[in-house]
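The values are calculated or read from the model by the stated rules, or taken from the named source; none is laboratory data. Model, not experiment: these values are computed from the prediction. Don't worry about glycine lacking a Cβ; one is built from the backbone with ideal geometry, like all the others, and counts go over all protein chains shown. Note: areas computed on protein heavy atoms with side chains; ligands, DNA, RNA excluded. Shrake-Rupley method; radii C 1.70, N 1.55, O 1.52, S 1.80 Å.
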Amino acid sequence: MITFLDPDALPDDDMISREAVAPFVIRTEKRRAIDADGNPLFKPRFTQLAPIEWESAQEEQPALYEAVTEYVRDGYNRAIKKSRPLSAF
């Protein structure tokens, strides 16, 4: 699509990089998005930690949670090492 805007910007696929594409990309963070009157489009997000106590009937859930967390952590770390964080999942 960038080639339609500027045919000389990226002459071949090897030239594609974050720096080369940056002049063509406008990113507005969700928390800064406003309407025509200047009012926020989204409500503010509030986060808080909530401790969870596992019942005996749910004894497998903490193990599943830890296994999934480790899987995600491992995949993300491997992707970072390869400089491909977006391919982590």
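For every residue, the table says whether it meets (1) open to solvent by 100 Å² or more (accessible area, probe 1.4 Å); (2) among the small types (Gly, Ala, Ser).
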{"position": "6", "(1), (2)": "no, no"}
{"position": "13", "(1), (2)": "yes, no"}
{"position": "21", "(1), (2)": "no, no"}
{"position": "37", "(1), (2)": "yes, no"}
{"position": "60", "(1), (2)": "yes, no"}
{"position": "63", "(1), (2)": "no, yes"}
{"position": "67", "(1), (2)": "no, yes"}
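On inspection, residue 79 qualifies as in contact with a Ser or Thr (Cβ under 6 Å, 6 or more places away or on another chain) and either surrounded by 10 or more Cβ atoms within 10 Å (Cβ to Cβ) or in a loop (DSSP other than H, G, I, E, B) (or both).
Of the residues making up segment 7-19, one or more are in a loop (DSSP other than H, G, I, E, B) and touching a helix residue (DSSP H, G or I) at 6+ places or on another chain (Cβ under 7 Å). The residues of segment 36-50 that are under 25 Å from the mean Cα position of the chain (by Cα) and in a loop (DSSP other than H, G, I, E, B), listed by number, are 41, 42, 43, 44, 45, 46, 47, 48, 49, 50. Within segment 35-60, residues that are without any contact (Cβ under 8 Å) to a residue 24 or more places away in the chain reach partners that are hydrophobic (A, V, I, L, M, F, W, C) and not in a loop (DSSP other than H, G, I, E, B) with beta carbons closer than 6 Å, at six or more positions or on different chains, in the pairs 40/34. For segment 51-68, the candidate set comprises residues that are in a loop (DSSP other than H, G, I, E, B) and not β-branched (Val, Ile, Thr); within that set, the residue that is modelled with the highest pLDDT is 51. The number of residues in segment 23-35 being open to solvent by 100 Å² or more (accessible area, probe 1.4 Å) and assigned to a loop (DSSP other than H, G, I, E, B) comes to 2.
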